[in-house]
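Have a look at the structure below before the remarks.
Laboratory data are not the source of any read-out in this text; all were calculated from the coordinates shown. Keep in mind the model is a prediction, meaning the values are calculated, not measured.
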Amino acid sequence: MKSYYRIMLGKKSAHAEAAHKGDFIGADFGHYVDLSDKLTDDWKKFNEYFIPEFLYEHPGKSKVAAGLAGGFLYTIAKKIQIGDIVLCPNGKGAYYVGEVTGDYQFSEENVLPHRRGVKWYPRTIQRSEMSEALQNSTGSIGTVSNVTKYAAEIEIQIGGERPAMIVSTDETIEDPTAFAMEKHLEDFLVQNWTSTELGKRYDIYQEDGELVGQQYPSDTGPIDILAISKDKKELLVVELKKGRATDVVLGQIQRYMGYVKDELAEQSQSVKGVIIALDSDTRLKRALSVAQHIDFFSYSVSFKLIQHK
């Protein structure tokens, strides 16, 4: 199945017009070296090359900032597949939409030199035409965000046919009700972070004054939320259970924590994890009783009707 991505073409979409005219998407992150021989299928090896280079080129930046830049660059240059769909804001309230048509190319001495060819569709999508949920996802901070869960809406917006419904046999989803509720919990949690228990001790990771800790890219998938303690001594990985089986979500957060520990944490920083779910269960309690440095939070939803006269 094809994936769908929102791509920022330069800060504040500064290069959107040039990319649209030139039939490409691209990035730079201040790194102007041909990556053709660095883009293997192993993201870890790419990080081993890129993170030290980024830190050398940008003294004063953190390893988290380097990992973020590397994750976005690797996604654009390698992870996005030919045939995937990209939405790129044009800076005027609309999105260019196109299909990726080519592999990585390095365009030396041009803007956004790390490029992929794109066939742009004739119709743009107005932000005002999007659902609120898609607006939130496409408006997220960061160069790249995966918006595949809105594939059906995007296809309708660009005039295509609604994708065929596929019956899922994904056995990792145990609770469809919790999954449906938690699809939007992440955005709500980010927007209301300071009023939560976690917000008392941690801040969602920021870079240059912008929140970059939501859907932070890693080599095993995007981290729901990456936060840092207010004293900067601890990095926190937050994972929403989303109705998945206990073994799946526990294994996922441990992989994310390992990534953060190995690739992003400074020597003086420790790494913790938090799983958030609608309800606890015996399997989760048993697993967490022997899992180190992972806490559990449940949440409740309040709903009431107010009569207006």
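In table form, for the structure just shown:
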| read-out | value |
| --- | --- |
| Whole-Å semi-axes of the ellipsoid equivalent to the range 4-157 (Cα gyration tensor, √5λ, descending) | 26, 16, 15 |
| 20 Å Cα-Cα threshold exceeded, pairs from K61/K232; K63/K230; K200/K272; K79/K242 | K79/K242 |
| 10 Å binning of all Cα-Cα separations within the chain, expressed as whole percents from 0 upward | 5, 25, 33, 26, 9, 1, 0 |
| Extension gain (nm, one decimal) between E99 and F188, 0.36 nm per residue minus Cα-Cα | 29.0 nm |
| Relative contact order [Cα under 8 Å, 6+ residues apart], the chain, whole percent | 15 percent |
